[in-house]
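Contents: one structure, followed by commentary.
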Amino acid sequence: MDRQPPRASSDEIDLYVRTYYSLLRSSGQVRVRAFEEAHLYSRSSLHLGAESPDPDVAAFAYSAARLPDCMPSVRRVILGQSPTQFAQAGFPIAGWQIVRTRGRRRPLRWDGKDTLAVFIASGSDIDDLIPILTSYQIEWNKLRELLRGANVTTELPDDATLANHLGMDLENFAILQAALGSNWRDVVAEMVRHDCDVSVRLLDGSFREYQRTSQRWWNAIAPSVPTGRPIYFVSSNSHSLANLLGGYSRHYRDDIVAYLRRKNPEGLAARLDEALAAGDEATVANIMYFSLRAFIHEPGEADKRLEQVQAADAAAGIRSMLSPGRIDVDAQVIDLAKLDPANMDERVLVPGIEKLRQSNALILNIDYPLGMAAYHHLAAIGLGVDELRGIYVMGKAATLNGRVGDVMISKVIHDEHSANTYFFRNALVAADVQPYMRHGTVLDNQKALTVRSAFLQNREYMDVFYREGYTVMEMEGGPYLSAIYEIAEPKRHPKDELVMLSEINRFELGVIHYASDTPYSRRQSLLSKSLSFFGVESTYGCAIAIARRIFAREIAIANGVR
């Protein structure tokens with residue numbers, strides 16, 4: 001049997017966490033500068049250049065992508081769990097502007113001046129946001145010092161001169177431009193004008209409020225989940241299953257192809273023509289799925305196309321709920337009996353697919369929450385539904401032994417939150433995914449580590465687990481398994497134990513991740529870019545495997561086999 005992993009809670013990381021939690025207990029505002037020393041001492045693997053006077057462009061880009069575009073104007077960040085909390089504290093956020101980020105689904109409100117309100121769904125939001133703010137502030141001020149040292153004014157020089165002043169080659173300068181967005185020159189001018197000196201205030205961070213928030217989220221979904229219907233729970237994203245099962249991209253294929261040839265995102269038009277000429281329907285479908293979001297939101301067409309998507313999904317038996325309970329975790333309820341094989345991606349068709357017409361089961365798919373929010377959401381679902389037939393978790397992860405775009409299937413997960421090591425029988429294996437992968441590798445029988453935050457790890461910390469065979473680093477698996485334990489057992493999940501979930505018979509469990517980062521390789525790291533089209537194959541390979549697994553189980557039940 002695998003033994004308990006070493007107690008690898010890094011002293012540096014522990015100090016960092018204790019520092020910001022102790023400071024955030026204050027009823028007033030805390031300057032981010034109070035976190036900087038502990039942040040530097042932690043030597044985060046995502047901020048390797050924190051102590052250097054030279055800018056760490058990758059870390060800045062990672063942080064900037066997870067903060068809103070208004071961040072250069074923000075001086076005060078308020079963390080809360082409900083609109084009532086904000087209002088009672090004197091922040092009337094109901095009239096504030098909704099702002100978003102490129103790299104995090106987190107509800108944000110901006111007063112248009114210097115205050116940003118951030119909704120937190122669990123302690124993981126604090127563990128995620130504080131290092132991001134601190135990294136952003138450290139790197140902003142480094143960039144400012146270089147600009148001031150070169151006597152740059154708000155009348156900025158040309159790009160090449162500016163890059164030279166910042167000591168950057170063209171590649172890193174391009175990363176910086178992308179991190180700052182389309183108005184990057186205005187942001188650089190802001191750097192010249194002022195330093196970054198942000199304060200943070202936590203209104204509340206109680207476990208009770210996190211539970212209430214998740215219950216509000218579930219209460220908004222519950223009317224769409226009829227009592228007595230068996231449920232397959234899937235934590236993935238808001239597009240994969242809908243695209244595979246709903247048929248919109250197939251019905252509007254000619255329009256999407258025309259859009260691709262007009263706009264040619266990532267040079268995909270040539271790849272599309274090659275796939276069409278070769279009769280490669282799998283690649284064509286993946287290109288359609290990747291292009292769909294941009295196609296739907298094309299300026300001047302967005303309202304019409306959004307209505308088309310909603311109508312097509314509803315007709316196909318897919319009901320979507322955006323931000324239920326004002327929680328930014330979208331949900332979909334998919335009625336298996338209403339699915340039409342003619343609408344489906346051919347890769348999800350299994351023998352006997354027509355028997356789904358006899359099923360009374362539903363798929364409840366949610367846009368995966370961040371960290372400990374996964375525990376609260378699944379706990380609320382477990383209380384709200386009568387029968388769970390399957391739980392399937394699909395998400396992004398960092399890999400310590402693979403490459404970006406690979407797929408990892410684990411059978412052991414060590415959870416930093418509970419300090420438990422969970423052993424479980426994974427319903428998914430490599431053979432379920434490999435047929436749909438041409439470029440990436442599928443690695444099963446892996447061991448995963450659920451971390452508190454992408455920033456809250458350093459090289460020494462990761463080495464300890466790597467030596468113990470842990471090769472997958474992610475954020476939701478452990479919290480989901482803690483909730484699963486409580487659904488299956490008559491007590492709360494334990495702490496700091498070896499936990500065997502292999503004997504669960506009431507429902508099956510599948511956990512699968514696709515690699516979005518390789519922390520040991522700066523060359524391959526995605527700190528400063530998204531998976532883009534390169535990640536479509538692994539994303540849809542995982543989703544196809546889950547859909548086929550659910551269909552096979554329901555067909556077996558229709559045939560009298562349980």
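On full extension, the segment bounded by S502 and R326 gains 59.8 nm, given 0.36 nm per residue less the C-alpha separation. Label sites at R357 and D386, each approximated as a point 7 angstrom past Cα along Cα to Cβ, lie 2.5 nm apart. Helix 373-384 sits at what angle to the longest principal axis of the chain, using alpha carbons and giving 0 to 90 degrees rounded to 10? Helix 373-384 sits at roughly 30 degrees to that axis.
Segment 289-327 and segment 339-395 have Cα centres separated by 19 Å. The angle between the Cα long axis of helix 302-315 and the main principal axis of the chain comes to about 30°, on a 0 to 90 degree scale. The long axis of helix 281-296 is offset from the longest Cα principal axis of the chain by roughly 50 degrees.
Computed from backbone phi with θ = phi - 60° and the Karplus coefficients 6.51, -1.76 and 1.60, the 3J(HN,Hα) list for segment 138-154 is 4, 6, 4, 5, 4, 4, 4, 4, 5, 5, 5, x, 8, 6, 6, 9, 5 Hz; x is used for glycine and proline.
Quick check of the Kirkwood formula: for the chain, what is the inverse mean of 1/r over all pairs of different Cα atoms, in Å? Kindly include the intermediate steps, with their values, before the conclusion.
Values: mean 1/r = 0.0404 Å⁻¹.
Final number for the Kirkwood radius of the chain is 24.8 Å.
With a cut-off of 19 Å on the backbone N, the residues of segment 330-344 near the modelled label site 7 Å out from A558 along Cα-Cβ are 334-344.
Given the -39500 (n - 2.57) contribution per DSSP H run of 4+ residues, what per-residue ellipticity at 222 nm results for the chain, rounded to the nearest 500 deg cm²/dmol?
Values: 20 runs with 232 residues, N = 562.
Only helices count here, giving -12500 deg cm²/dmol.
Per the Kirkwood formula applied to alpha carbons, segment 238-292 shows a radius of gyration over Rh ratio, Rg over Rh, of 0.95. Placing a label point 7 Å from the Cα of D340 along the Cα-to-Cβ direction, the residues of segment 239-255 whose backbone N falls under 19 Å from that point are 241-255.
For q values of 0.14 Å⁻¹, compute log₁₀ I(q)/I(0) with the Debye formula on a Cα-only model of segment 11-202, without solvent. For the requested q values the scattering log ratios are -0.80. If you plug the beta carbon distance of L23 and S182 into 1/(1 + (r/R0)^6) with R0 = 25 Å, you get a FRET efficiency near 0.10. For segment 179-297, the Cβ-based charge dipole about the Cα centre amounts to some 440 debye (Lys, Arg positive; Asp, Glu negative; other atoms uncharged). Placing pseudo-labels 7 Å out from each Cα toward the beta carbon at D14 and D463 gives an inter-label distance of 1.9 nm. Ranked by how many other Cβ atoms sit within 10 Å of their own Cβ, fewest first, the residues F424, F173 fall in the order F173, F424.
Counting other Cβ atoms within 10 Å as a rough exposure proxy, the listed residues V192, V57 run V192, V57 from fewest neighbours to most. Please work out the FRET efficiency for the pair E307 and K263, using the Cβ-Cβ distance as r and a Förster radius of 22 Å; give the result to the nearest 0.05. The computed FRET efficiency comes out at 0.55.
Restricting to bridges with both residues inside segment 11-202, how much of the DSSP beta-bridge set is antiparallel, in percent to the nearest 5? Numbers along the way, then the final one.
Values: 8 of 17 bridges.
Around 45 percent antiparallel, to the nearest 5.
Using a cut-off of 32 Å between Cα atoms, the listed pairs K396/K491; K142/K411; K304/K338; K355/K495 include K142/K411; K355/K495 as exceeding that distance. Residues of segment 141-175 falling in the label zone of V192, defined by backbone nitrogen less than 12 Å from a point 7 Å along Cα to beta-carbon, are 147-159, 162. Within the chain, DSSP assigns beta bridges of which about 35% are antiparallel (rounded to the nearest 5). Taking the simple approach of a point 7 Å from Cα along Cα-to-Cβ for both E145 and D280, what is their distance in nm? The two pseudo-label positions are separated by 4.9 nm.
Every number in this text was worked out from the coordinates using simple rules, so none of it is lab data. Computed from a prediction, not measured in an experiment: that's the story for all the values here. Because the Cβ atoms are built from the backbone with ideal geometry, glycine has one as well, and the counts that use them run over all protein chains shown.
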